[in-house]
1. Return yes or no: is GLY362 loosely packed, with under 13 Cβ neighbours inside 10 Å, touching a residue at least 24 places away in the same chain (Cβ under 8 Å) and under 24 Å from GLY216 (Cβ atoms)?
2. Could you tell me which residue of the range 180-213 is nearest to GLU244 (Cα to Cα), considering only residues that are among the small types (Gly, Ala, Ser) and open to solvent by 10 Å² or more (accessible area, probe 1.4 Å)?
3. Only helices (runs of 4 or more DSSP H) wholly contained in the range 308-402 count here; list those with 3 or more residues that are within 18 Å of THR12 (Cα to Cα) and within 19 Å of the chain's Cα centre (by Cα).
4. Only one of ILE327, ILE292, ILE304 is away from the ligand (no atom under 16 Å from the Cβ), buried (at least 23 other Cβ atoms within 10 Å of the Cβ), assigned by TED's automatic domain parsing to the domain that holds SER102 and of a type outside the set (Lys, Arg); which?
5. Restricting to the range 399-430, name every residue that is of a type in the set (Gly, Ala, Ser), touching a residue at least 12 places away in the same chain (Cβ under 8 Å) and open to solvent by 20 Å² or more (accessible area, probe 1.4 Å).
6. Mind listing just one residue for me: the one in the range 214-236 that is in contact (Cβ under 8 Å) with a residue 12 or more places away in the chain and over 25 Å from the mean Cα position of the chain (by Cα) and, of those, least open to solvent (accessible area, probe 1.4 Å)?
7. Of all the residues that make up the range 44-97, how many are among the hydrophobic types (A, V, I, L, M, F, W, C) and open to solvent by less than 10 Å² (accessible area, probe 1.4 Å)?
Amino acid sequence: MQTYLKNGYIVTMGEQETVYDGGGVLVEGENIVAVGKIDPSLVKPDAEVIDLQGKYVLPGFVNTHVHTSQQISRGVGDDVDFITWLHKRMWPYESNMTEEDSYVSTLMCCLELIRSGVTSFAEPGGQFVSGMVRGVSEAGLRAKLAKSVMDCGDGLPTVWQKTTEEELDQQVDDLKRFHNTAEGRVQIWFGLRTIFNNTDNLIIRTKELADQYGVGVHMHVAEAKSEIEYTQAVYGEPTVTHLERLGVLDRNLLAVHTVWLTNEEVSLLKKRDVKVSHNPASAMRVLGFAKIPRMLDEGVCVSIGTDGASSSNRMNMIDEMWLTSLIHKGWRLDSTVVPSQDILRMATKNGARALMDEALYGSLEAGKKADLIVIDPHGPSMMPVNDRIAALVTAMRSENVRSTMCNGRWLMRDRKILTLDEDAILQEACARGAAIYERAGIHLPDRFPVVKV
Ligand SMILES: [Zn+2]
């Protein structure tokens, strides 16, 4: 069955980054058959023809860092310091989740991702990969899923105290069960939570296993100032330098946040082709400013992620793109750095490279998977559209994402989610979220006097 999207503003993000004004995209099955000026003989008589009337078509966004299991904990850590956030809120919360909670949290997260134009994402790890797999499979998205892996560290909840061997075995087991399931949309990667909670032995063996299975490693790297103070004290060098010494900096490492880097370490990321996930909202909250302008100048593959709902609250790539366009201009006092076209690259084809899938998606080209979104700029927040590319970064809202297609299947069409029962998920997710707060003994203080009437 073919779908023919015609008369659109097609932003391909392909090799030449050509834009087709008045062009089309022809989809057949899971794949894109043709883009741009479509030869009418390619369109079969029974194709569904959709006249876009000038709306944009873009590759689906790739969100390279999403904690799906934190979706139903949204708000758990607002306005508290980092250690309170981690030890008193997140650890009790996440360690009180069940497999079913993880599944429902993933469904809830997928709703927000689909609504904001994401077709593919990387998950750094909850505790129940099986729950995440179920959620992603049903939602119709693509994902690289990992377990949150920790084999050392003070004060961890008892259920998370695992040996190196147990953590590696569990991941290999998950990989054997779930890798390349859901029509190949679901893949399993290895996870490393952070250097605070990962021994050198675990880090080295994780890299060996990832190479053996041909998958990636997803790790929080150099995220906080306290992390660099820790690695300096324990190893006598900052995180990225230490990872280089362990021999794990490579093209299959997805390094998230990377805020606290020396200039030499930025060059190392380029030299080793390490992929970076920039998460501006959560960075602004507590981490600091990543050297994104320098990374782009050096040619590091920088992508964009939203982090988790308990650290940045909005699992919305469009908000992160907008933030990316602002914060670096601000701290560099230079309004020309990180222009909109760079940000679109980060959110699409760089994301696909970060997920080691640049041959499959991230651009609209014949032969690639049909992962695409339709953008309707109509409305007071985005119109008039003068600079058509910049408007996608500086003015677009998630409400402008009209339809989302992944693997040739519409997940959302005309703002209606087709793969999931949105109302039922919202209801169940809220109930489960509240129950976990209760079990974990988390009580958020009232900020204003509350009178129950
Ligand atoms: Zn994270």
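1. no
2. Selected residue: GLY184.
3. Fully inside the range 308-402 and qualifying: 340-347, 349-354.
4. After ruling out the rest, the residue left standing is ILE292.
5. GLY408
6. For the range 214-236, the residue satisfying everything is THR231.
7. Counting residues in the range 44-97 that are among the hydrophobic types (A, V, I, L, M, F, W, C) and open to solvent by less than 10 Å² (accessible area, probe 1.4 Å) gives 8.
Here's the yes/no breakdown for (1) of a type outside the set (Gly, Ala, Ser); (2) within 15 Å of the ligand (Cβ to nearest atom); (3) in contact with an Asp or Glu (Cβ under 7 Å, 6 or more places away or on another chain):
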site	(1), (2), (3)
LEU111	yes, no, yes
SER116	no, no, no
THR119	yes, no, yes
GLY125	no, yes, no
PHE128	yes, no, yes
VAL136	yes, no, no
LYS147	yes, yes, yes
PRO157	yes, no, no
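The values are calculated or read from the model by the stated rules, or taken from the named source; none is laboratory data. These numbers come from a predicted model, not from an experiment. Neighbour counts run over all protein chains shown; Cβ positions are idealised from the backbone, glycine included. The accessibility values were calculated without ligands, DNA or RNA, using every heavy atom of the protein model including side chains. Shrake-Rupley method; radii C 1.70, N 1.55, O 1.52, S 1.80 Å.
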